[in-house]
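Read the structure below first, then the notes.
The values are calculated or read from the model by the stated rules, or taken from the named source; none is laboratory data. Source: prediction; values computed, not measured. Ideal geometry is used to build each Cβ from the backbone, glycine not excepted, and the neighbour counts take in all protein chains shown. When the accessible area is computed, the model is the full protein with side chains, heavy atoms only, and any ligands, DNA or RNA have been set aside. Shrake-Rupley method; radii C 1.70, N 1.55, O 1.52, S 1.80 Å.
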Amino acid sequence: MEGRTLVTQAYLDRLESDPGPLRYTDDTAMTIAVAESLTVRGLFDGADMAATLAARYALEPWRGYGDGPPEVFGNLERGVAWNQAATSLFGGSGSFGNGAAMRVAPVALFGHPDTDQVAELARNSAVITHTHPEGIDGAVAQAVAIDHVLGLPLGVEPDPAAMIERVRRYVTTTKFHHKLETVEAIVSTGDHRRLPVLGSGITAHASVPTALACFLLHLGSFPAAVKTAISLGGDTDTIAAMTGALVGAHLGLSAIPEQWRAVEGADQIVDLADALATHRPD
């Protein structure tokens with residue numbers, strides 16, 4: 001499914017009929033690691049989070065990682081500081097992929113309701129593996145979007161324009177500002193056919209805005225939002241994971257189809273989410 005230019009409804013139907021348990025990819029593995037570090041330490045500890053990410057990769061390197069994480073984790077093993085280990089990627093420019101954004105949901109839950117803190121935590125957690133401004137913006141945008149949804153009263157749908165504006169205030173790169181303008185235009189017209197212009201690749205700017213649009217176009221339905229994200233093809237697991245994090249923050253666990261909850265590690269994931277949700281920032 002990942003990497004396809006198109007995912008058909010028939011293919012989605014076959015996946016949905018799988019009795020499970022569903023297997024997660026590197027997105028969820030890294031998200032669990034972030035949540036573990038935050039809950040164990042009770043604060044952001046860059047060295048601990050980097051070590052926890054590296055340990056989870058070493059335990060299960062077959063989850064579908066790209067080339068960047070092994071290089072970063074190798075640098076950590078050689079004694080490079082947690083906030084310097086990723087600076088060597090891509091000739092020193094750093095990664096502008098979506099790896100930091102895909103795992104950032106626990107940061108939003110941990111830092112909520114202080115949006116400034118959420119954004120800062122997202123930046124700090126991103127630089128462990130992503131030092132390019134666009135890679136960092138991806139994590140910040142996703143975290144701030146989740147934080148915004150968490151702050152809404154139960155049953156109140158987010159105002160798309162207000163939500164996009166909140167995210168816009170925290171991102172710094174031109175590409176993200178342009179993509180957010182496109183998201184707003186697509187959502188305001190409800191034109192699903194324009195979603196492909198946002199992209200569905202592994203770069204942060206071609207996936208995080210896409211997830212945001214999938215969420216805003218399907219505010220009342222977890223399955224519809226996630227299926228839309230997958231149907232675009234490309235980096236399907238990451239865009240669907242980010243979309244699911246947004247819809248989950250809005251609608252809660254009960255909105256996820258029962259069959260979809262039959263995922264490996266489900267109990268641990270719920271326990272970590274509960275621990276993060278009950279944390280209160282100092």
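Of all residues in region 81-131, which are assigned to a loop (DSSP other than H, G, I, E, B), closer than 16 Å to Met49 by Cα and free of Cβ contacts under 8 Å to residues at least 40 places away in the same chain?
Once the filter is applied, which keeps residues that are assigned to a loop (DSSP other than H, G, I, E, B), closer than 16 Å to Met49 by Cα and free of Cβ contacts under 8 Å to residues at least 40 places away in the same chain, region 81-131 yields Ala81, Gln84.
Among the residues of region 54-63, write down those that are among the aliphatic types (A, V, I, L, M) and either farther than 15 Å from Ala85 by Cα or open to solvent by 40 Å² or more (accessible area, probe 1.4 Å) (or both). Walk me through how you get there before you give the answer.
As a first pass, look at region 54-63 and keep what is among the aliphatic types (A, V, I, L, M): 54-55, 58-59.
Once the filter is applied, which keeps residues that are among the aliphatic types (A, V, I, L, M) and either farther than 15 Å from Ala85 by Cα or open to solvent by 40 Å² or more (accessible area, probe 1.4 Å) (or both), region 54-63 yields Ala55, Ala58, Leu59.
If I filter region 185-223 down to residues being among the hydroxyl-bearing types (Ser, Thr, Tyr) and open to solvent by less than 10 Å² (accessible area, probe 1.4 Å), which single residue comes out as farthest from the chain's Cα centre (by Cα)?
Going through region 185-223, the residues among the hydroxyl-bearing types (Ser, Thr, Tyr) turn out to be 188-189, 200, 203, 207, 210, 221.
Keeping just the survivors that are open to solvent by less than 10 Å² (accessible area, probe 1.4 Å) gives 207, 210.
Details: Ser207: 9, Thr210: 11 Å.
The selected residue is Thr210.
Among the listed residues Ala51, Ala139, which satisfies the condition of being open to solvent by 50 Å² or more (accessible area, probe 1.4 Å) and modelled with pLDDT of 95 or more?
Details: Ala139 fails: open to solvent by 50 Å² or more (accessible area, probe 1.4 Å).
Answer to the selection: Ala51.
For the structure I just gave you, tell me whether Gln268 is touching a residue at least 40 places away in the same chain (Cβ under 8 Å), closer than 24 Å to Phe110 by Cα and open to solvent by 30 Å² or more (accessible area, probe 1.4 Å). Even if it seems obvious, please write down each step before you answer.
Numbers: touching a residue at least 40 places away in the same chain (Cβ under 8 Å): yes; closer than 24 Å to Phe110 by Cα: yes; open to solvent by 30 Å² or more (accessible area, probe 1.4 Å): yes.
Taking the combined requirement at face value, the residue satisfies it.
Do the conditions hold for Thr236, that is, is it under 26 Å from Gly97 (Cα atoms) and modelled with pLDDT under 95? Can you show your working first?
Numbers: under 26 Å from Gly97 (Cα atoms): yes; modelled with pLDDT under 95: yes.
Spelling it out, Thr236 is indeed under 26 Å from Gly97 (Cα atoms) and modelled with pLDDT under 95.
Given (1) at pLDDT below 95; (2) in a loop (DSSP other than H, G, I, E, B); (3) surrounded by 18 or more Cβ atoms within 10 Å (Cβ to Cβ), where does Gly66 come up short, assuming only one miss?
All conditions are met except number (3).
Out of Ala229, Ala249, I need the residue that is crowded, with 23+ Cβ neighbours inside 10 Å, under 18 Å from the mean Cα position of the chain (by Cα) and either of a type in the set (A, V, I, L, M) or assigned to a loop (DSSP other than H, G, I, E, B) (or both). Which one? Lay out the reasoning, then the answer.
Details: Ala249 fails: crowded, with 23+ Cβ neighbours inside 10 Å.
None of the other options fit; the residue is Ala229.
Looking at Leu212, Leu217, Leu180, Leu195, which one is modelled with pLDDT of 95 or more and touching a Cys at 6+ places or on another chain (Cβ under 8 Å)? Full working, then the answer.
Details: Leu212 fails: touching a Cys at 6+ places or on another chain (Cβ under 8 Å); Leu217 fails: touching a Cys at 6+ places or on another chain (Cβ under 8 Å); Leu180 fails: touching a Cys at 6+ places or on another chain (Cβ under 8 Å).
The unique qualifying residue is Leu195.
Just to check your reading of the model, which residue among Leu109, Leu154, Leu89 is at negative phi and surrounded by fewer than 19 Cβ atoms within 10 Å (Cβ to Cβ)? Lay out the reasoning, then the answer.
On the way: Leu109 fails: surrounded by fewer than 19 Cβ atoms within 10 Å (Cβ to Cβ); Leu89 fails: surrounded by fewer than 19 Cβ atoms within 10 Å (Cβ to Cβ).
Unique residue meeting the criteria: Leu154.
Among the listed residues Leu38, Leu121, which satisfies the condition of being more than 25 Å from His205 (Cβ to Cβ), at pLDDT 95 or above and within 19 Å of the chain's Cα centre (by Cα)? Reasoning before the result, please.
Numbers: Leu121 fails: more than 25 Å from His205 (Cβ to Cβ).
The match here is Leu38.
Contact list please: Cβ distance under 9 Å, first residue in region 232-244 and under 14 Å from His218 (Cα atoms) and open to solvent by 20 Å² or more (accessible area, probe 1.4 Å), second residue of a type in the set (A, V, I, L, M) and outside any helix (DSSP H, G or I), pairs at least six apart or on different chains.
Sorted first by the residue in region 232-244, then by its partner, the list stays empty.
Taking His148 and the conditions (1) at negative phi; (2) open to solvent by 40 Å² or more (accessible area, probe 1.4 Å), which numbered condition does it fall short on, given that it satisfies the others?
Failing condition for His148: (2).
Can you name every residue in region 263-277 that is charged (D, E, K, R) and outside any helix (DSSP H, G or I)? Before you say what the answer is, go through the steps one by one.
Let us first name the residues in region 263-277 that are charged (D, E, K, R), namely 264, 267, 271, 274.
Of everything in region 263-277, just one residue is charged (D, E, K, R) and outside any helix (DSSP H, G or I), namely Glu264.
Filtering region 167-184 down to residues that are assigned to a helix (DSSP H, G or I) and open to solvent by 60 Å² or more (accessible area, probe 1.4 Å), which residue is nearest to Val140 (Cα to Cα)? Show your work before the answer.
At the first step, the residues of region 167-184 found to be assigned to a helix (DSSP H, G or I) are 167-170, 174-184.
Adding the requirement that they be open to solvent by 60 Å² or more (accessible area, probe 1.4 Å) leaves 169, 174-175, 178, 181, 184.
On the way: Arg169: 10, Thr174: 14, Lys175: 14, His178: 16, Glu181: 17, Glu184: 18 Å.
My answer is Arg169.
How many residues, within region 188-205, are closer than 14 Å to Gly138 by Cα and touching a residue at least 24 places away in the same chain (Cβ under 8 Å)? Before the answer, list the steps.
Restricting attention to region 188-205, the residues satisfying the condition of being closer than 14 Å to Gly138 by Cα are 198-205.
Pick out the ones that are also touching a residue at least 24 places away in the same chain (Cβ under 8 Å) and you get 199-205.
Number satisfying all stated conditions: 7.
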